[in-house]
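The values are calculated or read from the model by the stated rules, or taken from the named source; none is laboratory data. Predicted model, so just to flag it, every value in this text is computed and none were measured. As a convention, Cβ positions derive from the backbone with ideal geometry for all residues, glycine included, and neighbour counts pool all protein chains shown. For the accessible areas, the whole protein counts, side chains as well, though only heavy atoms, and no ligand, DNA or RNA atoms are used. Shrake-Rupley method; radii C 1.70, N 1.55, O 1.52, S 1.80 Å.
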Amino acid sequence: MDINKALRSAVATGKVYFGASQARKAIDKKEVKLLIVAKNYPTREREALVEGSDVPVFDFSGSNNELGASCGKPFSISVLSILAEGESGIFALGK
């Protein structure tokens, strides 16, 4: 699977939230199906974000700037919450 293509497709056709704050809220509401986390997101914050949840996490191999670019956005993204994959098939990353 081409991760960059899947990310763009998920952003365009699915339902996603950008950022750790939105991720925490969505995790608390049990809406998140998959988290994508940039490699430079602090480990301690990552662990705190998913603590007590069973949300699968995919570690993106690039930085937050690269994750933002892969999503087709002109800003950095440290955490991407996938609520609905749309036509992307991105949930396969969480298995």
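Exactly one of these conditions fails for S21: (1) small (G, A, S); (2) more than 21 Å from M1 (Cβ to Cβ); (3) open to solvent by less than 70 Å² (accessible area, probe 1.4 Å). Give me its number.
(3)
Quick one: in region 24-58, which of the residues that are over 10 Å from S81 (Cβ atoms) and among the small types (G, A, S) is surrounded by the fewest Cβ atoms within 10 Å (Cβ to Cβ)?
By that ranking, first place goes to G52.
Can you name the number of the only condition in (1) touching a strand residue (DSSP E or B) at 6+ places or on another chain (Cβ under 9 Å); (2) free of Cβ contacts under 8 Å to residues at least 60 places away in the same chain that A84 fails?
Only one criterion is unmet by A84, namely (2).
Pairs only if they're at least six apart or on different chains, beta carbon under 6 angstrom, first in region 24-42 and under 18 Å from R8 (Cα atoms), second open to solvent by less than 60 Å² (accessible area, probe 1.4 Å) and part of a loop (DSSP other than H, G, I, E, B); list them, first residue then second.
Taking only residues 6 or more apart or on different chains, the pairs are V32/V55; L34/P56; L35/V55; I36/F60; A38/F60; A38/S63; A38/S78.
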